[in-house]
Amino acid sequence: MESDRALRVGGRKVAYTAVGKADGDASAVVIFIHGRGTTRASGASDLIHGGNFNRVKNLMMRSDGVYISADFSDFGRRGTAEMKALVLDQAARSPGAPVVLACGSWGGKICWRLLYDGDTAPLIKGVLFLDSDMNGDFVARAARLPPGQRPAISISNSMEDWVLGYKSQLAFFKRMKSEVPDYPIRFVLFDEGTHGISLRMTDWRDVLNWMFAADARP
């Protein structure tokens with residue numbers, strides 16, 4: 001079942017759309033963090049992006065999980081605090097459920113901060129960077145993370161993305177494979193499509209199954 005909900009964070013109302021077991025007992029939690037110029041509607045629509053978000057909604061429903069597409073105030077500290085509160089709320093409702101962040105374009109800025117946050121980082125099982133920028137400082141951090149505490153990272157973009165480009169992502173991926181060879185990370189490069197194509201082309205079943213199996217926690 002799909003519903004529009006809200007979470008109070010610091011006196012502000014954070015609206016989000018939820019599909020599946022948002023009240024608790026979810027097998028997994030997938031949270032979409034949209035990019036600049038859009039809203040949670042981008043990740044909740046059954047029609048745009050080739051209907052690809054309808055696929056992840058159905059996938060989470062059928063697997064007793066929860067899928068969430070959220071609004072937030074900005075791409076800075078306030079928005080990060082709001083998404084942190086949402087992650088912690090869902091983790092408390094479904095203790096032990098793996099949390100996956102799907103980060104569209106500028107939404108990646110928030111996801112990187114959550115990967116560095118001491119409260120949320122241990123809860124995050126995987127992150128999809130969908131046409132998002134990379135954080136090169138994470139390579140050194142990744143090298144210090146023991147097996148079982150490494151969030152799987154999926155990076156995707158298009159060769160024809162003239163907004164962000166893919167070369168910085170490819171360089172990050174190659175550096176990770178070189179310096180932390182056993183880290184669970186993969187890079188998908190589409191040969192056509194402009195910025196945002198990952199929202200349409202991502203195979204949710206494939207990437208989520210890979211993340212849930214990768215670097216299994218003890």
For this session: Return the only residue of LEU199, LEU208 being within 21 Å of ALA102 (Cβ to Cβ) and at pLDDT 95 or above.
Result: LEU208
Problem set entry | region 174-218 - residue that is among the polar types (S, T, N, Q) and under 19 Å from the mean Cα position of the chain (by Cα) and, of those, surrounded by the most Cβ atoms within 10 Å (Cβ to Cβ) | SER198
Exercise. For region 3-49, what are the residues that are in a strand (DSSP E or B), touching a helix residue (DSSP H, G or I) at 6+ places or on another chain (Cβ under 7 Å) and without any contact (Cβ under 8 Å) to a residue 60 or more places away in the chain?
Worked result: THR17, VAL19, GLY20
Seminar exercise, completed: Flagged in region 95-153 as touching a residue at least 40 places away in the same chain (Cβ under 8 Å), among the charged types (D, E, K, R) and assigned to a helix (DSSP H, G or I), in numbering order, are none
Problem set entry | Of all residues in region 14-60 being basic (Lys, Arg) and more than 20 Å from ARG205 (Cα to Cα), the one that is surrounded by the fewest Cβ atoms within 10 Å (Cβ to Cβ) | ARG36
For this session: Give SER105, SER132, SER156 a once-over and let me know the one that is surrounded by 15 or more Cβ atoms within 10 Å (Cβ to Cβ), at positive phi and of a type in the set (Ser, Thr, Tyr).
Result: SER105
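The values are calculated or read from the model by the stated rules, or taken from the named source; none is laboratory data. The structure displayed is predicted, hence computed values, not measured ones. Because the Cβ atoms are built from the backbone with ideal geometry, glycine has one as well, and the counts that use them run over all protein chains shown.
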